[in-house]
Amino acid sequence: RYTLVALCALSTLICYMDRVSIAVAIIPMAGEYGWTRTVQGIVLSAFFVGYLGTQVLGGWLADRGGGKAILGYGVLLWSLFTFITPPAAAISLTVLLLARIGMGLGEGMAFPAIHNLFAHWVPAQERARSVAFNLSGIPLGTVAALLLVPWIAARWGWPMTFYAFGFLGLAWYVLWYFLAAD
């Protein structure tokens with residue numbers, strides 16, 4: 001159970017790194033593509049269309065298919081859409097918006113699946129600490145993204161932030177596949 005809780009917390013950290021990265025990367029993206037503040041706001045909010053759409057669905061699927069599979073698929077989905085963000089932006093604004101919605105679809109499944117897993121794996125007297133440990137990934141992921149995105153973008157360009165963070169999610173999935181269980 002400790003491995004499971006640690007991997008869930010790591011997924012939450014990665015989730016927030018991926019989610020927050022565009023808030024910093026949008027500055028050079030807007031300069032490159034000539035986006036107005038309105039367009040930037042639309043790009044930033046498109047994520048939540050997908051995210052809100054899978055909160056309840058993620059819980060329902062976790063109850064039926066198991067939290068391991070749903071969290072794993074969610075991370076794979078959001079990591080794929082994180083990874084394709086740069087080419088999506090280069091193709092068109094519409095394709096980028098669809099990629100952001102797709103990323104939200106994946107991330108929306110994460111917390112319901114994690115809570116499903118904790119309900120099955122973590123004894124009641126340890127559950128609050130486990131959830132708190134998992135939720136610590138939110139501010140840690142946010143801070144990590146706010147520190148790393150400018151550094152990565154300054155050295156290798158804004159697209160590299162999405163490639164690096166997308167790859168991080170894929171690497172997490174390999175660990176998850178072999179180390180976690182329903």
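The values are calculated or read from the model by the stated rules, or taken from the named source; none is laboratory data. This structure is a prediction, so every number in the text was calculated from the model and none was measured. Virtual Cβ from ideal backbone geometry, glycine too; neighbours counted across all protein chains shown. The accessibility values were calculated without ligands, DNA or RNA, using every heavy atom of the protein model including side chains. Shrake-Rupley method; radii C 1.70, N 1.55, O 1.52, S 1.80 Å.
The angle between the Cα long axis of helix 158-179 and the longest principal axis of the Cα atoms of the chain comes to about 20 degrees, rounded to the nearest 10.
Do the sum for the chain: with -39,500 (n - 2.57) for every DSSP H run of n ≥ 4, divided by all residues, what is the mean residue ellipticity at 222 nm, to the nearest 500 deg cm²/dmol? It comes out at -30500 deg cm²/dmol, rounded to the nearest 500. Taken over the C-alpha atoms, the chain has Rg and Dmax values of 16.3, 53 angstrom.
Maximal additional length on extending the residue 42-residue 57 stretch stands at 3.0 nm, based on 0.36 nm per residue less the C-alpha distance. The distance linking segment 117-182 with segment 39-77 is 15 Å (Cα centroid to Cα centroid, whole angstrom). Based only on the alpha carbon positions, what is the Kirkwood hydrodynamic radius of segment 25-104, in angstrom? 13.4 Å is the Kirkwood radius here. With respect to the chain, whose longest principal axis is taken over its alpha-carbon atoms, helix 110-121 is tilted by about 10°.
Against the main long axis of the alpha-carbon atoms of the chain, helix 37-53 sits at an angle near 20°. Can you tell which of 121, 35, 156 shows the greatest fluctuation in a Gaussian network model of the chain with Cα springs below 10 Å? Between 121, 35, 156, it is 156 that shows the largest mean-square fluctuation. Annotation: amide H-H contacts under 5 Å for residue 109 (H modelled 1.01 Å from N, sequence separation of 5 or more, or interchain): none. The dipole here belongs to segment 8-128: it is taken about the Cα centre, uses +1 on the Cβ of Lys and Arg and -1 on the Cβ of Asp and Glu, and is about 80 debye. Remark: segment 54-182 carries 48 Å² of accessible area per residue (probe radius 1.4 Å; ligands, DNA and RNA excluded).
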